[in-house]
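Beneath this line is the structure, given in structure tokens, with notes to follow.
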Amino acid sequence: MADGIVIRNATVDDAVALAAIYAPYVRDTAVSFEIEPPTSSEFAKRITRTLERFPYLVAEWDGVVAGYAYAGPFKERAAYDASVELSVYIAESFQGRGVGRALYTALERELALRGKTNLYACIAYPPAEDEYLTYASVRFHERMGFSIVGRFHGCARKFGRTYDMVWMEKLTR
């Protein structure tokens, strides 16, 4: 873990900071396919809902919220109980400093304690990199041990462009 990073559980008190980290991903990129950034009160609801069943982690760098990661259900049916979908978002000023790796490492450790062995990430994927979307998230997940297992072509539109989605998988058992 990079010096200065502290990983802790999220609380609803983090909603304002996390909403601020996420908003540029919604407004300015095709990383997220939400069209309007959620409010901090919506974020508080999402944190509360997630923490009922899954870990939701925050990274602080010298006391500043630098990013967050969480897990959610892959599918709601009990047969999928060992499978989870992961998400991670890093504040722009902290990207490339090991925050994402620290968050995912801690998240994977917590998920292993909970018996989760199949980790999935659904990632926006451009037919060709553009000013709204690059392959950075896919590359990050590959460095974390994930591999692409499926691709949905042209399934989302944002900024007047069509984007794909890829599913990435990491098995930890």
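The values are calculated or read from the model by the stated rules, or taken from the named source; none is laboratory data. Fair warning: this is a prediction, and the values are worked out from it, not measured in the lab. Glycine also receives a Cβ, built like all others from the backbone with ideal geometry; neighbour counts cover every protein chain displayed.
Screening residue 116 with (1) free of Cβ contacts under 8 Å to residues at least 24 places away in the same chain; (2) in a loop (DSSP other than H, G, I, E, B); (3) not aliphatic (A, V, I, L, M) gives one miss only, at (1). The residues in region 119-149 that are in a loop (DSSP other than H, G, I, E, B), surrounded by fewer than 14 Cβ atoms within 10 Å (Cβ to Cβ) and in contact (Cβ under 8 Å) with a residue 24 or more places away in the chain can be counted, and the count is 2. Would region 15-30 turn up any residue that is of a type in the set (Asp, Glu), within 26 Å of residue 135 (Cα to Cα) and within 16 Å of the chain's Cα centre (by Cα)? Checked region 15-30: no residue is of a type in the set (Asp, Glu), within 26 Å of residue 135 (Cα to Cα) and within 16 Å of the chain's Cα centre (by Cα). Among the residues here, residue 8 qualifies as in contact (Cβ under 8 Å) with a residue 40 or more places away in the chain, in contact with an Asp or Glu (Cβ under 9 Å, 6 or more places away or on another chain), surrounded by fewer than 18 Cβ atoms within 10 Å (Cβ to Cβ) and not β-branched (Val, Ile, Thr). Step by step: first the residues of region 107-122, then only those that are under 12 Å from residue 167 (Cα atoms) and among the hydrophobic types (A, V, I, L, M, F, W, C), then the one that is farthest from the chain's Cα centre (by Cα). Which residue is that? The qualifying residue farthest from the chain's Cα centre (by Cα) is 119.
Within region 150-172, being in contact (Cβ under 8 Å) with a residue 60 or more places away in the chain, not polar (S, T, N, Q) and not in a strand (DSSP E or B) holds for one residue alone: 159.
Only one entry of 84, 31 meets the criterion of being modelled with pLDDT of 95 or more, touching a strand residue (DSSP E or B) at 6+ places or on another chain (Cβ under 6 Å) and either in a loop (DSSP other than H, G, I, E, B) or among the aromatic types (Phe, Trp, Tyr) (or both), and that entry is 31. In region 44-56 there is at least one residue that is assigned to a strand (DSSP E or B), over 18 Å from residue 92 (Cα atoms) and in contact with a Lys or Arg (Cβ under 9 Å, 6 or more places away or on another chain). Just one residue in the set 66, 82, 30 is under 23 Å from residue 123 (Cβ atoms), surrounded by fewer than 19 Cβ atoms within 10 Å (Cβ to Cβ), in contact (Cβ under 8 Å) with a residue 24 or more places away in the chain and not charged (D, E, K, R); that residue is 82.
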